[in-house]
Amino acid sequence: MPSATPETTLWDADPHTFVKHRLLRRYLGAWYEILRKGGHRRLALVDGFCGPGEYGKGEVGSPVIALEVACASSNVDNPPLYTVLFIDERADRLRHLEEVVLPRREYPPNIKYQCRHGAFAQVMSEALDSYGERNPPPMFAFVDPFGFSGVPMSLLQRIMARERSEVFLTFMARDINRFIDDSPKQSSIVEFFGTPDVLKIDRSDSRIEQLLAIYQDQWRQRTESLFIGTFRMTNRNDSIIYYLIFLTKHVAGFRAMKRAMWYEDKGGDFKFSDGTNPMQGTLLTLNHEGQLLKQLQERFAGQRVTVEAVRRFVDESTIYLDSHMRQSLKLGETQGVVIPDPVKADGKKRIGRTFPNEVTVTFMA
């Protein structure tokens, strides 16, 4: 596929790879706890392009991260069964993972893993068939290809159709943009997007952003109650390499991934550049409270609503977190555009400058 695809068994990772893996580690810890506390006794994780499990300088890869999180999360009474499927079409990389990397430690009895050699689409389809349709376990699928072939939207839809299942996908925007006019590659692109309409996209400086919008629109048309989170990866010249796309139908998962993304980019742009020192992170500070307050005024102008209703809107329809919402409401109160009731729904007096869910507020028109 792209010229940047490494040919060796091990290779040196780019800085953005470590950001991607930090997001993965942080979210998987939250995912495990959300589902365990929800009473789920079986959890399934798939690493669809797992690679050898480590990089050229010894840094750990996604398979090790997945199992480390599972081990750390298993230090509880009666932990769920955690099954992990590692898939790679390169036999040498899978062999290195299975024979060199994974045996370096022991795993609790509730953690089971399997390494499968083959194309992601075929092995994943077979795995879904083996789980069956009756009461399948929640699944988290990490789909991290070097390119875009062999990742059909129809297959990812099968994953998302399962109860409480999610997809974390590397959307190789730069490569798609590069090859979209190349006839031999177009069938893979159509399969990836699930529609031939993607081939009609106009040439423009914003074509990469348009490709992302088309892909997201396809998901929204096909999946009800879908939350989509994106994180942009750029090179040293600030040109887009790829997007990380998170798909879930559950607000708790969406909220947890937003927290992970905010942790990596405190500027709220949900972006990492290879020109940024990965040890420093992105420390840009923006007027988040003012930006969110503007959105809240547009959504609730002239309405009297509970803080709980405001929180649901922030959770489900914005990039912001609960902490941003409460700061925005404080700012609105100071500016006189948000008027809180003095008494909460439970009949108790509201404490000044606080916004618990039971408080009712009026947004001035």
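The values are calculated or read from the model by the stated rules, or taken from the named source; none is laboratory data. All values derive from a computational prediction rather than experimental measurement. When we count neighbours, we look across all protein chains shown, and the Cβ atoms used for this are built from the backbone with ideal geometry, even at glycine.
Matching residues to (1) of a type outside the set (Ser, Thr, Tyr); (2) in contact with an Asp or Glu (Cβ under 9 Å, 6 or more places away or on another chain); (3) outside the structural domain of residue 30 (by TED's automatic domain parsing):
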{"residue": "169", "(1), (2), (3)": "yes, yes, no"}
{"residue": "180", "(1), (2), (3)": "yes, no, no"}
{"residue": "204", "(1), (2), (3)": "no, no, no"}
{"residue": "226", "(1), (2), (3)": "yes, no, no"}
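List every residue pair whose Cβ atoms sit under 6 Å apart, with the two residues 6 or more apart in sequence or on different chains, where the first one lies in the range 325-348 and is over 13 Å from residue 310 (Cα atoms) and touching a residue at least 24 places away in the same chain (Cβ under 8 Å) and the second, anywhere, is surrounded by fewer than 17 Cβ atoms within 10 Å (Cβ to Cβ) and not charged (D, E, K, R).
Between residues of the range 325-348 that are over 13 Å from residue 310 (Cα atoms) and touching a residue at least 24 places away in the same chain (Cβ under 8 Å) and residues that are surrounded by fewer than 17 Cβ atoms within 10 Å (Cβ to Cβ) and not charged (D, E, K, R), the close pairs are 337/364; 339/362.
Could you give me the residue pairs with C-beta distances under 8 Å whose first residue belongs to the range 29-41 and is touching a residue at least 12 places away in the same chain (Cβ under 8 Å), whose second residue is assigned to a loop (DSSP other than H, G, I, E, B) and among the β-branched types (Val, Ile, Thr) wherever it lies, and which are 6+ apart or on separate chains?
Listed by first residue and then by second, the contacts come to 36/76.
For the subset of the range 178-197 comprising residues that are within 14 Å of residue 150 (Cβ to Cβ) and aliphatic (A, V, I, L, M), which member is surrounded by the most Cβ atoms within 10 Å (Cβ to Cβ)?
The qualifying residue surrounded by the most Cβ atoms within 10 Å (Cβ to Cβ) is 189.
Take the conditions at pLDDT 95 or above, among the hydrophobic types (A, V, I, L, M, F, W, C) and farther than 30 Å from residue 233 by Cβ and apply them to residue 293. Does it pass?
Against the criterion (at pLDDT 95 or above, among the hydrophobic types (A, V, I, L, M, F, W, C) and farther than 30 Å from residue 233 by Cβ), residue 293 does not qualify.
Could you pull out the residue among 113, 55, 107 that is modelled with pLDDT of 95 or more, in contact with a Leu (Cβ under 9 Å, 6 or more places away or on another chain) and more than 24 Å from residue 145 (Cβ to Cβ)? Give the derivation first.
Values: 113 fails: more than 24 Å from residue 145 (Cβ to Cβ); 55 fails: more than 24 Å from residue 145 (Cβ to Cβ).
Of the residues listed, the single one that is modelled with pLDDT of 95 or more, in contact with a Leu (Cβ under 9 Å, 6 or more places away or on another chain) and more than 24 Å from residue 145 (Cβ to Cβ) is 107.
Within the range 70-160, considering only helices (runs of 4 or more DSSP H) that don't extend past its boundaries, which have at least 3 residues that are under 24 Å from residue 191 (Cα atoms) and either in the same structural domain as residue 223 (by TED's automatic domain parsing) or among the aliphatic types (A, V, I, L, M) (or both)?
Those helices (runs of 4 or more DSSP H) span 120-131, 153-160.
From the residues in the range 206-262 that are part of a loop (DSSP other than H, G, I, E, B) and in contact with a Leu (Cβ under 7 Å, 6 or more places away or on another chain), which one is surrounded by the fewest Cβ atoms within 10 Å (Cβ to Cβ)?
Per the stated criteria, the residue is 226.
Say we look at the range 287-334 and pick out the residues that are not in a helix (DSSP H, G or I) and not hydrophobic (A, V, I, L, M, F, W, C); which of these is farthest from residue 260 (Cα to Cα)?
So the first thing to find is which residues in the range 287-334 are not in a helix (DSSP H, G or I), and the list is 287, 301-306, 318-321.
Going one step further and asking which of them are not hydrophobic (A, V, I, L, M, F, W, C), we end up with 287, 302-304, 306, 318, 320.
Values: 287: 20, 302: 34, 303: 32, 304: 32, 306: 27, 318: 15, 320: 12 Å.
Here the residue is 302.
Can you find, within the range 34-52, the residue that is surrounded by the most Cβ atoms within 10 Å (Cβ to Cβ) among those that are modelled with pLDDT under 95 and of a type in the set (Gly, Ala, Ser)?
The extreme case among them is 38.
Could you figure out which of (1) buried (at least 16 other Cβ atoms within 10 Å of the Cβ); (2) acidic (Asp, Glu); (3) closer than 21 Å to residue 255 by Cα isn't true of residue 333?
Among (1) buried (at least 16 other Cβ atoms within 10 Å of the Cβ); (2) acidic (Asp, Glu); (3) closer than 21 Å to residue 255 by Cα, residue 333 violates only (3).
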